[in-house]
Amino acid sequence: MEYFSTKMTHSLLLPAIISIHYFEYTADFKYEGESHDFWELIMCDKGELYITAGDREMILQKGQAYIHPPMQFHNVRANGSDAANSVILSFESPNEELFAIADRVLETDSYVTTALFSVLREARVSFNNKLGLLRFSSLVRTEEPKPFASEQIIQNYAELLLIHLIRCAKSEEEAVQLPSNVKRSELAEKIANYMDENLSEKMTFIDISKQFSISATSLKKLFGDTYGHGVMEHLTYLRVERAKQLLREGKSSCTEIATLCGFCSVHHFSNTFKKRENMSPTEYVKTIKSMLEMA
C-alpha cells in the first residue's frame, strides 16, 4: 500500500508574542491608557477591575476576560477599595476570526485559565522580564538553559485558548480537551475554594480530610496531581496570597492581616511571608508600588 502525507492546516496563528504580564494591583491603581497595533487579552484573576475599551467603561469580575482589538484605546484601574490581579497577554495575529471574541466581556472556564497560567509558567523560565513590571518594551530571553520547547508551549497554549473561545462563541462542537496532565480536578478545586473561603479558621490536614470525606492518602495524591504540592502547602499559598491582597489595599495592619488570614501570630505571618516571597510584607508593598509606577 502506498501512503500519502496530509499537510496540516492552521486556522489561527500567533506568530509573535508582545508581552506577558501578571499584575498585582494596589487598590488605588490606575493606568492612563494606550492604543497599539496588536491584540491584547486581559483576564481578571482576583477582585474586580474597571476597564475602558474605546469610549466605554465596564467591570471585569474574577474569571472574566476582554480582548482589545488592534488600535483600540484601553485602560485599566482598580475599584479604589479592593486590590485586584490580572493576566495580560499581548500578541500579533492576522486572523480576522478573533473579531468574533473581541470587544466584549468573555466568561472564561478552566480550559482558558489552565492555558493562561501555563503560558505564565513557561514565560517565567523563558524570559528574564518581571511579569509584574508595568512597562517593558520587549521580552528578553533568559541566558540560562530552559526546558525544551518552552517558547513553543507558550505559543501553542495561547493559540489553543483563543481557538477554544472562538469555538464557544460560534457554538460549534465541544472544544478539544487539554492534555490530561493539565486538567484541573473539580474536587481539588472545590477543596481549594473551601480553604480560600475559610482562611481565618484554623485548619489541619485531618480537618480537611474529614470535611470532604476523603482519605488522607487520596487527598494527598489529589493535590499532588492537581497542584504539584501538598494540601497544607496550598493552604499556606492561599493565606499568603490573601495577605498580599490585603497589604495592597492598605486598610489593615499586619496584626489584623495575620488574624484574617489564619496565621498563629504576626511573627508567624511575617516569617512565612518572607520565606515564600523573599521579602518582608513592608518590602512587598514598596516593591509593588515601584513596579506599578507610571514613569
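The values are calculated or read from the model by the stated rules, or taken from the named source; none is laboratory data. This is a predicted model, so every value here is computed, not measured. Quick reminder, even Gly has a Cβ in these numbers, built from the backbone with ideal geometry, and neighbours come from all protein chains shown. SASA here: full protein model, heavy atoms, side chains in, ligands and nucleic acids out. Shrake-Rupley method; radii C 1.70, N 1.55, O 1.52, S 1.80 Å.
Against the definition (more than 27 Å from PRO15 (Cβ to Cβ), acidic (Asp, Glu) and more than 15 Å from the chain's Cα centre (by Cα)), how does GLU57 come out, yes or no?
yes
Per-residue answers, yes or no, for (1) in a loop (DSSP other than H, G, I, E, B); (2) open to solvent by 80 Å² or more (accessible area, probe 1.4 Å); (3) touching a residue at least 60 places away in the same chain (Cβ under 8 Å); (4) in contact with a strand residue (DSSP E or B) (Cβ under 6 Å, 6 or more places away or on another chain):
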| position | (1), (2), (3), (4) |
| --- | --- |
| ILE88 | no, no, yes, yes |
| PRO94 | yes, yes, yes, no |
| LEU98 | no, no, yes, no |
| THR114 | no, no, yes, no |
| ARG121 | no, yes, no, no |
| SER137 | yes, yes, no, no |
| GLU143 | yes, yes, no, no |
| ILE154 | no, no, yes, no |
| LEU162 | no, no, yes, no |
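Across the range 164-181, what is the number of residues that are farther than 22 Å from GLU40 by Cβ and either at pLDDT 95 or above or open to solvent by less than 60 Å² (accessible area, probe 1.4 Å) (or both)?
Adding up the residues that qualify gives 2.
Can you tell me which residue among ILE67, ILE42, ILE17, ILE59 is within 14 Å of LEU162 (Cα to Cα), among the β-branched types (Val, Ile, Thr), open to solvent by 10 Å² or more (accessible area, probe 1.4 Å) and assigned to a strand (DSSP E or B)?
After ruling out the rest, the residue left standing is ILE17.
Which number in (1) out of contact with any strand residue (DSSP E or B) (no Cβ under 6 Å at 6 or more places or on another chain); (2) under 27 Å from ARG242 (Cα atoms) marks the one condition that PHE23 misses?
All conditions are met except number (1).
Here are some conditions: (1) open to solvent by 20 Å² or more (accessible area, probe 1.4 Å); (2) more than 22 Å from ILE154 (Cα to Cα). ALA83 meets all but one. Which one does it not meet?
The single condition ALA83 does not satisfy is (1).
Can you tell me which residue is farthest from ARG77 (Cα to Cα) among those in the range 1-36 that are in contact with a His (Cβ under 9 Å, 6 or more places away or on another chain) and among the small types (Gly, Ala, Ser)?
By that ranking, first place goes to SER35.
Could you check ARG184 against (1) at pLDDT 80 or above; (2) within 26 Å of the chain's Cα centre (by Cα); (3) open to solvent by less than 100 Å² (accessible area, probe 1.4 Å); (4) not aliphatic (A, V, I, L, M) and say which number it fails?
(1)
Considering (1) out of contact with any Gly (no Cβ under 7 Å at 6 or more places or on another chain); (2) under 24 Å from VAL285 (Cα atoms), say which one SER93 fails and leave the rest.
(2)
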